[in-house]
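The next block holds one structure in the form of structure tokens; read it before the comments.
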Amino acid sequence: MNTRGSLFDLLPLHPRDVGLILSYKCQCACAHCLYNCGPEWADWMTPENVREALQAARIWGNRFQIHLTGGEPFLRFPLLLEAAETARELSIPVYVETNAGWCVNERTVEERFRALRDVGLRAVLISCSPFHAETIPPERMLLAAREAAEVFGPSGVILYLPGWLDLVRSFGERHTTPLDQYVHRYGKDEAGRLFWEGYGLISGGRSGYRIGHLARRSPPQAYRHEDCRRDILFAHHSHLDLYGNFISGFCGGLAIGDWHGLATVVQEAEAGHYPSLIARLIEAGPVGLLEFAERGYGFVPSPEGYAGKCHLCVDVRRFLIRFEAFPELRPREFYERF
């Protein structure tokens, strides 16, 4: 048995797949976005930030890979290219995520993929989802997949999620498809099942608000026995963003700490020391956070209930951000862009 590997899996805040959020800017502002990305964001990492973040991540040794993401990282291609090259210099396996909205011209797509391959990029993850198809014609996703297969080989193309390919295409490849078209075709209940169960939506970020009407909503107490220990401390997928935030799991708008001091943040977690709101979520989950906000700040939960525990958590945090008392609630713009 590899005891080192087993120990690694038991340590808190040791992800296997680390995303570098180069920017929260994208074309779409998708209804399911966990990080509330969209066109309104303006800031980007600098090449120096990228190198600093990658060097900080090396505290995890050779037990992780990097994905370059956003937002939409191809909106600033020279930065994306330099980030991939820097990862190669540091011997960190790297791939990129894209919504394919930029994939209009076949030659441009091929040239960019070849440039990325030549500096060490291993694979491309391409979104195949009804949520991106609201603003991006599926033909762009199909073009990206074809060109990526040519450049990186079939094993270097990841469609997320491939099971949605035929369904998304069935509404047409050359135009966008509003989500209500799924409701029109399948009915509200079946459309909700397709999105929440079939796609596996997480109710954080925008999704609880934008797609929650298609979910079975429950009162806060339904989530009383759900803490966030595994979601936060033992998430295999985490992010380092352009503002210095270390975001564990899929908890957009909730920073464990500043990645510029990542080694210290991880050491503190191993010792059981966390920011106050994160400690509450680890021990008592979103209901514990709710009760704290009710007692101390007058929070009133939605009478309509919540699409999941993450929806409840975000709703409480969206209320608490106004009190300027919780530095872990960042980036602040997350709470302004639902």
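The values are calculated or read from the model by the stated rules, or taken from the named source; none is laboratory data. Model, not experiment: these values are computed from the prediction. Glycine also receives a Cβ, built like all others from the backbone with ideal geometry; neighbour counts cover every protein chain displayed.
Only one of Val50, Val18 is outside any strand (DSSP E or B), β-branched (Val, Ile, Thr), crowded, with 17+ Cβ neighbours inside 10 Å and at pLDDT 95 or above; which? On inspection, the qualifying residue turns out to be Val50. Restricting attention to the range 146-191, the residues that are in contact (Cβ under 8 Å) with a residue 24 or more places away in the chain and either at negative phi or polar (S, T, N, Q) (or both) add up to 30.
Residue-wise test of (1) acidic (Asp, Glu); (2) in the same structural domain as Ala84 (by TED's automatic domain parsing); (3) in contact with a Ser or Thr (Cβ under 8 Å, 6 or more places away or on another chain).
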site: Arg114; (1), (2), (3): no, yes, no
site: Gly120; (1), (2), (3): no, yes, no
site: Glu150; (1), (2), (3): yes, yes, no
site: Tyr160; (1), (2), (3): no, yes, yes
site: Asp189; (1), (2), (3): yes, yes, no
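Elements of the type helices (runs of 4 or more DSSP H) sitting completely within the range 254-338 and holding at least 3 residues that are under 28 Å from Arg51 (Cβ atoms) and not assigned by TED's automatic domain parsing to the domain that holds Leu54: these cover 262-270. Could you check the range 77-171 for strands (runs of 3 or more DSSP E) lying wholly inside it with 3 or more residues that are closer than 30 Å to Glu190 by Cα and not charged (D, E, K, R)? Those strands (runs of 3 or more DSSP E) span 123-127, 157-160.
The selection criterion, being touching a helix residue (DSSP H, G or I) at 6+ places or on another chain (Cβ under 6 Å), over 25 Å from Ala325 (Cβ atoms) and not hydrophobic (A, V, I, L, M, F, W, C), holds for Gly192. List the pairs whose first member sits in the range 217-230 and is closer than 11 Å to Cys310 by Cα, whose second member is of a type in the set (Asp, Glu), and whose Cβ atoms are under 7 Å apart, counting only residues at least 6 apart or on separate chains? Between residues of the range 217-230 that are closer than 11 Å to Cys310 by Cα and residues that are of a type in the set (Asp, Glu), the close pairs are Asp227/Glu283. Within the range 76-93, none of the residues are closer than 28 Å to Tyr209 by Cβ, of a type in the set (A, V, I, L, M, F, W, C) and modelled with pLDDT of 95 or more. Which of the residues belonging to the range 217-232 are buried (at least 20 other Cβ atoms within 10 Å of the Cβ) and either under 21 Å from the mean Cα position of the chain (by Cα) or more than 20 Å from Trp196 (Cα to Cα) (or both)? Listed by number, the residues that qualify are Cys228, Asp231, Ile232.
All of (1) in contact with a helix residue (DSSP H, G or I) (Cβ under 7 Å, 6 or more places away or on another chain); (2) under 23 Å from Leu68 (Cβ atoms) hold for Ile247 with one exception: (1). Among the residues of the range 129-145, the ones that are in contact with a Ser or Thr (Cβ under 7 Å, 6 or more places away or on another chain) and free of Cβ contacts under 8 Å to residues at least 40 places away in the same chain come to 1 in all. If you check Gly308, Gly298 for being surrounded by 19 or more Cβ atoms within 10 Å (Cβ to Cβ) and not polar (S, T, N, Q), only one passes: Gly308. Just one of the numbered conditions (1) over 15 Å from Leu233 (Cα atoms); (2) in contact with a Pro (Cβ under 9 Å, 6 or more places away or on another chain) is not true of Glu270: (1). Just one residue in the set Thr86, Thr108, Thr69 is free of Cβ contacts under 8 Å to residues at least 24 places away in the same chain and either of a type in the set (Val, Ile, Thr) or touching a His at 6+ places or on another chain (Cβ under 8 Å) (or both); that residue is Thr108.
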